[in-house]
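S.K.: Before I ask anything, here is the structure I am working with.
The values are calculated or read from the model by the stated rules, or taken from the named source; none is laboratory data. Predicted model only: the values in this text are computed from it and were never measured. Glycine also receives a Cβ, built like all others from the backbone with ideal geometry; neighbour counts cover every protein chain displayed. Areas reflect the complete protein model, heavy atoms only, side chains present, ligands, DNA and RNA absent. Shrake-Rupley method; radii C 1.70, N 1.55, O 1.52, S 1.80 Å.
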Amino acid sequence: MFVMLLALLVSGIPLAFVTLLVALIFALGWFSPAVVPLITSRVYSFVSSFVFVSVPMFVLMAAILDRSGIARDLFDAMKVIGGRLRGGVAIQTIVVAVILAAMSGIIGGEVVLLGLVALPQMLRLGYDKHLAIGVVCAGGALGTMVPPSIVLIIYGLTANVSVGDLFTAAFIPGLMLAGFYVTYVLIRAYLNPALAPIPSEDEELPLSEKLRKFKGLIVPLAVVAGVLGSIYGGIASVTEASAVGVAGVLLSTILRGEFTLELLKGAALQTLQTVGMIVWIGIGASALVGVFNLMGGIKFVSALISGISDNPTIILLFMMLILFVLGMFLDWVGIALLTMPIFVPIIKSLGYDPVWFGVLFCMNMQVSFLSPPFGPAAFYLKSVAPPGISLATIFRSLLPFIAMQILAVAILIAAPWITGR
């Protein structure tokens, strides 16, 4: 099964269709057509989950943000706060990335937005290109960790744990990782001031101009407060909060005079495309794991992984290594849906908390967004980067940030209390 999966993936067929095809071949070949209804019922239970409704809502929110000027205004407002701090523009970019992540949690949209808004600004001011590229890619990928993260939602669906608990547990680790990035920028900037010059034209703005720019903070912070406040305050479920977020962003585009039917149509089409991909991968992976389970594969893999060592930490580290390697070649949706039905029962049997493991999984997926050869964040940035910036330059720029992400994974393993579990 694994060899066929690998061979078809190498041939260039999309993951969703590869998993579905392999599942059907082995269901019919190993068993009989009578087993197909079992697979379809498993697929149906995945795609009909109420929490899954929040995925298209958060994607739609990101798509509307992508088409409005909210992110640009947010960046302008942060420039006023940053003032004449060395490395200030890079730090502003990270703060804006955290706020954008807390609004929608879509990684691709964030990297592209920051690549269009922040990267040209940093390069124009004379920032080191490696530092600027790393900040944009790593900051944009924070949507994986900062709630409302779609990675956490998919993990919650797959592992059958509360998405609200996952959001609460991931909040501090997400901010911790952003803090690592800010500390790294400050240290690099003060050790070598040439890497992050202070803008010479950054004259003191009059109070009226500062207040005008601060208006750019109102809408994003209101949306964040509406989404996360309603979840943590127990007012709304994750699904309901996602609808609140879409309503907030739509209302803001109307108030700003940016709303058009063309904007809504483009955002809806982008949402259909993204969610269609997630659903198809979900269908294929659910079918494959279902057949794999029927064949006794999960018992075999569980015995194999558990037999590596009597030490639970060694088994956990081995799982992290598998996820790290898979992250170099596969999309996070596929990794979550293919591995979590196998890993989570093992984690529970070892006495670990599945919510904590979910945060650990998300932190590991942070690495997968940046790691070569198929780090998606690098390709997203390449699509909007200036012509002189190659993929090799982008990947080289990401190495220190990958090291910080691996450090964050190690800290979460050593100190699970950070997640509040």
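S.K.: Quick one: ranking K213, K382, K265 by accessible area, 1.4 Å probe, largest first, what do you get?
M.R.: K265, K382, K213
S.K.: Next question. In what sequence, largest accessible area first, do W280, W356, W332, W417 appear using a 1.4 Å probe?
M.R.: W417, W280, W332, W356
S.K.: Mind putting together the pair-distance distribution for segment 331-416? All Cα pairs, 5 Å bins, whole percent per bin, short to long.
M.R.: The percentages, shortest bin first, are 3, 13, 20, 19, 17, 12, 8, 5, 2, 1, 0.
S.K.: Is there a pair in K215/K265; K79/K215; K299/K348; K79/K129 whose C-alpha atoms are over 23 Å apart, and which pairs would that be?
M.R.: The pairs that break the limit, which is 23 Å between Cα atoms, are K215/K265.
S.K.: Rounded if a/c is under 1.5, else prolate if a/b beats b/c, else oblate: with a ≥ b ≥ c from the C-alpha gyration tensor eigenvalues square-rooted, which is segment 22-78?
M.R.: Prolate shape, in that a/c is at least 1.5 and a/b is the bigger ratio.
S.K.: Within segment 9-98, list the trypsin sites (Lys or Arg not before Pro) lying in a DSSP loop whose Cβ has at most 13 other Cβ atoms in a 10 Å radius.
M.R.: For trypsin sites (Lys or Arg not before Pro) across segment 9-98 that sit outside H, G, I, E and B with at most 13 neighbouring Cβ atoms in 10 Å, the list reads R84.
S.K.: Starting from the Cα of F374, step 7 Å toward the Cβ, then list every residue of segment 306-331 with an amide N under 11 Å from that point.
M.R.: Label zone hits: 326-331.
S.K.: Would you mind getting the accessible area per residue of the chain, heavy atoms of the protein chains only, 1.4 Å probe, in Å²?
M.R.: Ligands and nucleic acids excluded, the figure is 41 Å² per residue.
S.K.: Run the dipole for segment 208-285 about the Cα centre, Lys and Arg Cβ at +1, Asp and Glu Cβ at -1, nothing else charged, and hand back the magnitude in debye, nearest 20.
M.R.: Computed charge dipole of segment 208-285: roughly 320 debye.
S.K.: Same structure, new question: For the chain, give the percent of accessible area contributed by carbon and sulfur heavy atoms, probe 1.4 Å, rounded to a whole number.
M.R.: Roughly 70 percent of what the probe reaches on the chain is carbon or sulfur.
S.K.: Let me ask something additional. Could you work out how far apart the two model spin labels at F31 and L321 are, taking each label as a point 7 Å from the Cα in the direction of the beta carbon, and quote it in nm?
M.R.: If labels sit at F31 and L321, their model points lie 3.4 nm apart.
S.K.: Can you tell me the equivalent ellipsoid semi-axes for the chain? Use √(5λ) from the Cα gyration tensor, largest first, whole Å.
M.R.: Value: 38, 24, 20 Å, ordered largest first.
S.K.: If you don't mind, another one. As a test of the formula, what do you get for the chain when each DSSP H run with n ≥ 4 contributes -39,500 (n - 2.57) and the sum is divided by the residue count, at 222 nm and rounded to the nearest 500 deg cm²/dmol?
M.R.: -25500 deg cm²/dmol
S.K.: Place the peptides 366-372, 253-259, 168-174 in order of packing, highest mean first, counting for every residue the other Cβ atoms within 10 Å and averaging per peptide.
M.R.: Result, highest mean first: 366-372, 168-174, 253-259.
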